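Single-structure report; data block below.
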Amino acid sequence: MVFSSNFHLSSAKKPERSRERRVISLSRFGRILIGVSIIFCSFGVLAEEVLRTQKHKVIDSDISYMVESSSLSAFEVNQVPDQDWVRFDGAINFGYTDEVHWFKIKLVNLSRAAIPRLLAVSYPLLDTISVYLFSANQLTHSYATGDGLPFDHRPIDHRYFLFPLEFSSEQEHFLYLRVQTEGALQVPLALWDERRFFAEDASANAINFLYLGVLLIMAAFNLMLFFLMRDSSFISYVFFVSCIGVLMASLFGYTYQYVLSEYPRFHELLILLIVPLSQVSICVFTIRFLQLPQHSKFWSRLLSSFIVIAMLSMIGAIILPYNLSTRMSVILMLPIAVSAMAAGVSCWGEGSSSARLYTIAWVAILIGATSSVLNRLGLIGSSFFVEYGLQLSTGVQTLLFSLALAARFNSERDARMKAQQEYVDEIHKRRNVETQLVYSASHHEITGMPNRLLFEKSVRHHFEAQKESGNHLLVVLLHIRRFDDVNKTLGHRNADVLLRRIGEQINTVVSKSSDCLTIEEKKNDVSLVAHIEGVSFCFCLANTNKNDMLDEVESLVRRMAEPLEFMGLALELNFLVGCSFDGDDVDPQILLRQAFVAFDKADQRVSPIAVYEPAMNPYSPKRLTLMTELRTALEHDGLELHFQPQVHLTGKYVCGFEGLLRWTHHEFGVVPPDEFIPMAEKTGLMKPLTAWVIKRAAKFCRQLDELSCDAFVSVNISALNLREQSFSRQVCEMLGEDGIAPSRLILEVTETAAMIDPEGALKVLNALHDANIRLSIDDFGTGHSSLSYIRRLPVQEIKIDRSFVGDIVNNKDDETIVRTTINMCHDLGFVVVAEGLEDQKTLELLESLNCDIVQGYHIARPSSVANTVNWLLNSEWALRRPVELTRLQS
């Protein structure tokens, strides 16, 4: 994954870190004004501050821009020559301007795969922002959003502006941004891998919410103290902290995302009002906290005058333009901050302990704001304390203010200490609960053994080390057989105790193996076996020789199966074992799934141990694809019904055709019916699929009528069809649409399908018989039905399975079975059909055995309707039954 040209993208796995360069491009006056404001007061910074992303993901070089003099479309901008663009090297910050700016970034994807990325503009206070991505001069992505539009206009629900992009392989791309805002025009850009962005954004959100939570707790605590003490200092502090919290939440983008998402105008007013309101809260709190009316009349009056000016600024925020109102707030912040700090120093000189903490709190703000500014100017590097300097400093400030308030009242100090102790106890309690939750999440609740999550983590941890040593990994899944009998016999409580004993025994046996890998180590215990689910356990072996590991598994399973003494009983343990080897790469979830697939196969074999092979897996991607596309094939006639002739041996004529479903997939070629029919049964498509087949069979009957051929047409039905009580009526309706008599259709059902629900199937089959629809038992001899049940079925025909017919010439046992079946069926009044006729000798033998009807490749292969009609017109067999035979049968 490589991008080249003017812009660098880090890969999703190993992002390359580049030094972040922050260059603020402002007019000389604007730079001095905002820089001084940031250094001397926190709130001037907060009014325009934006959370920055990690350094190595920020666009920091080779950006071009231009100022829009007249309205341009994205296509027109894409045609602007390079010389009209101004190269911009550094962080995008144009200060206060209402001009429309376009930004251009050239990118080239040199890799052979398309690369998806998330473009993040991590400044939430931009009025309008449009993003356009051109690939090979084609506009592939376009978005339009902004702070001035409702929140649901954003492509992704997020406090920042996020735009999903995809860069096509081996192509040149041009990314354009159109930005206009009445506030500070800051456009911090970053391209992210989506998963990594949301992972790191979650960490940032955690820090921000922790910070806001601390503010909320402090406000609530001092509000409680106010109701207890009735001291105005506490309520002024609550007012101050609340304003700080709302201001920071607004600058973080949370207020617009969660509170005012549908009201951009109200959000704009909130930004405009909260800054002067914060200034009022600073002045009120300073006057009350430092008790300035008693200590210094001068500072009290000066700050009171600032309160009046700030309130006028609030009124101006409503009636004045956004740009002008914001600048007024920033300018006013400077004298307020200086005056508040000077008042604290003055009172400190008079011996006020509260003033000491107050001044230190302002120093903390100064340090945080200064570090933020120096970082933005590129003079110091980034770290956690620099990136979140403002949050930390304002948090420290509010904490110091709170402590100072408590220090003024001795009676409150004990309460504060008690509250802090309770808070610490709550943290310890929470940690204990979290520890218990972590343990519960990684261990089985009954046995206490490592669970699936811990096992997967262990396998992933061991893989690299074992791969370097040349070892293979073998995941072994053990399933206890017939454990339900224990539950029913001893009860669930005793069964749980037994399950713990079994887990301990398995772990003890496995610990004797030198190839077994450790899952978890404790002080006095080592876990080598994980309790995956229910009565299934799992462990992992590592060795260079796969056969040696399989021999080791057999040996371990034999020792595990030794009788276990429990409640005076000697319980024998029987296991089904599924094994799965690793490949070039390892995914523990896949290995476990493969082991489960192998264990299912072990249940069907003599050996209790099965090793996974791809052929075992019924849940392959191919199968999932076919399951998805089978419905589409059915709805758009992607299936075909081929027909194979049936010949009556006595009359030497074509008496019927069997319809056989075929599906040719555009990617996988011919898909056998025994592969996609079970899919149809599992996905609810069997009913429409059967209807499709019957309708096609009816149309074929009509074509036969045009050829003066009155042959039957037979089709197979599923056991699911025999559960539909209205199936007979539906079949008659479909035949009636083409004017086909029900007696022309033969429905074939297997013995096994009829035995799934014998009584229900019998009712449906009787209804079909009453509707004059002929019925046939398919693949006779391969199922598990009883003759007593077969005799009750209203069928007219029995089809002997091809496995008995194919070799009757050479196999006397097969000949005996076929002869006996024919004689028995004739005695019961059934017509006998032999399928699988392959040669002339078999035909002559079946004729000598008095078989009624035959079908097979010797007569004709299944073919399309057109080919079947052509064969019928040119075949040696008669199209219609002889008149003598017709009279005889009637």
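The values are calculated or read from the model by the stated rules, or taken from the named source; none is laboratory data. Small disclaimer: the values here were computed from a predicted structure and weren't measured. Neighbour counts run over all protein chains shown; Cβ positions are idealised from the backbone, glycine included. Side chains included, ligands, DNA and RNA excluded: accessible areas come from the protein's heavy atoms. Shrake-Rupley method; radii C 1.70, N 1.55, O 1.52, S 1.80 Å.
Checking 442, 458 one by one, the residue that is open to solvent by less than 40 Å² (accessible area, probe 1.4 Å), touching a Cys at 6+ places or on another chain (Cβ under 9 Å), over 30 Å from residue 569 (Cα atoms) and polar (S, T, N, Q) is 458 and no other.
Within segment 296-303, identify whether any single residue is without any contact (Cβ under 8 Å) to a residue 12 or more places away in the chain, under 37 Å from the mean Cα position of the chain (by Cα) and open to solvent by 20 Å² or more (accessible area, probe 1.4 Å), and answer yes or no.
Applying the first criterion (without any contact (Cβ under 8 Å) to a residue 12 or more places away in the chain) to segment 296-303 yields 297-298, 301.
Next cut, under 37 Å from the mean Cα position of the chain (by Cα) only: none.
No, that holds for no residue.
When residue 717 is tested against (1) closer than 18 Å to residue 685 by Cα; (2) in contact with a strand residue (DSSP E or B) (Cβ under 7 Å, 6 or more places away or on another chain); (3) surrounded by fewer than 18 Cβ atoms within 10 Å (Cβ to Cβ); (4) not acidic (Asp, Glu), just one condition goes unmet, and that condition is (3). Selection over segment 217-274 of residues that are closer than 30 Å to residue 152 by Cα and in a helix (DSSP H, G or I) gives a count of 27.
So is residue 129 among the aliphatic types (A, V, I, L, M) and assigned to a loop (DSSP other than H, G, I, E, B) or not?
no
Give the residue, chosen from 191, 177, 185, 165, that is touching a His at 6+ places or on another chain (Cβ under 6 Å), open to solvent by less than 20 Å² (accessible area, probe 1.4 Å) and under 27 Å from residue 89 (Cα atoms). None of the others qualify; the one that does is 165.
The set of residues in segment 73-91 that are under 40 Å from the mean Cα position of the chain (by Cα) and either open to solvent by 10 Å² or more (accessible area, probe 1.4 Å) or modelled with pLDDT of 85 or more (or both) comprises 73, 74, 75, 76, 77, 78, 88, 89, 91. The single condition from (1) in contact (Cβ under 8 Å) with a residue 40 or more places away in the chain; (2) among the charged types (D, E, K, R); (3) out of contact with any Lys or Arg (no Cβ under 6 Å at 6 or more places or on another chain) that residue 733 fails is (1).
Of everything in segment 445-455 that's assigned to a helix (DSSP H, G or I) and hydrophobic (A, V, I, L, M, F, W, C), which residue is most open to solvent (accessible area, probe 1.4 Å)?
Across segment 445-455, the extreme among qualifying residues is 453.
Within segment 177-216, the residues that satisfy the criterion of being in a helix (DSSP H, G or I) and small (Gly, Ala, Ser) are 199, 202, 203, 204, 206, 213. Taken together, the residues in segment 92-109 that are under 17 Å from residue 129 (Cα atoms) and either among the aliphatic types (A, V, I, L, M) or open to solvent by less than 30 Å² (accessible area, probe 1.4 Å) (or both) amount to 10.
Conditions tested, residue by residue: (1) over 27 Å from residue 722 (Cβ atoms); (2) open to solvent by 80 Å² or more (accessible area, probe 1.4 Å); (3) part of a loop (DSSP other than H, G, I, E, B).
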{"residue": "624", "(1), (2), (3)": "yes, yes, no"}
{"residue": "637", "(1), (2), (3)": "no, yes, yes"}
{"residue": "641", "(1), (2), (3)": "no, no, no"}
{"residue": "647", "(1), (2), (3)": "yes, no, no"}
{"residue": "663", "(1), (2), (3)": "no, no, no"}
{"residue": "687", "(1), (2), (3)": "no, yes, no"}
{"residue": "691", "(1), (2), (3)": "no, no, no"}
{"residue": "698", "(1), (2), (3)": "no, no, no"}
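Considering segment 801-823, and only residues there that are closer than 16 Å to residue 776 by Cβ and assigned to a helix (DSSP H, G or I), the residue that is most open to solvent (accessible area, probe 1.4 Å) turns out to be 802. Listed by first and then second residue, the pairs linking a residue in segment 520-533 that is more than 14 Å from residue 592 (Cα to Cα) to a residue that is charged (D, E, K, R), with Cβ atoms under 9 Å apart and 6 or more places separating them unless they lie on different chains, are 526/520; 527/520; 527/521; 528/520. For residue 123, the criteria (1) open to solvent by less than 10 Å² (accessible area, probe 1.4 Å); (2) farther than 21 Å from residue 247 by Cα; (3) assigned to a loop (DSSP other than H, G, I, E, B) hold in every case but one, which is (2).
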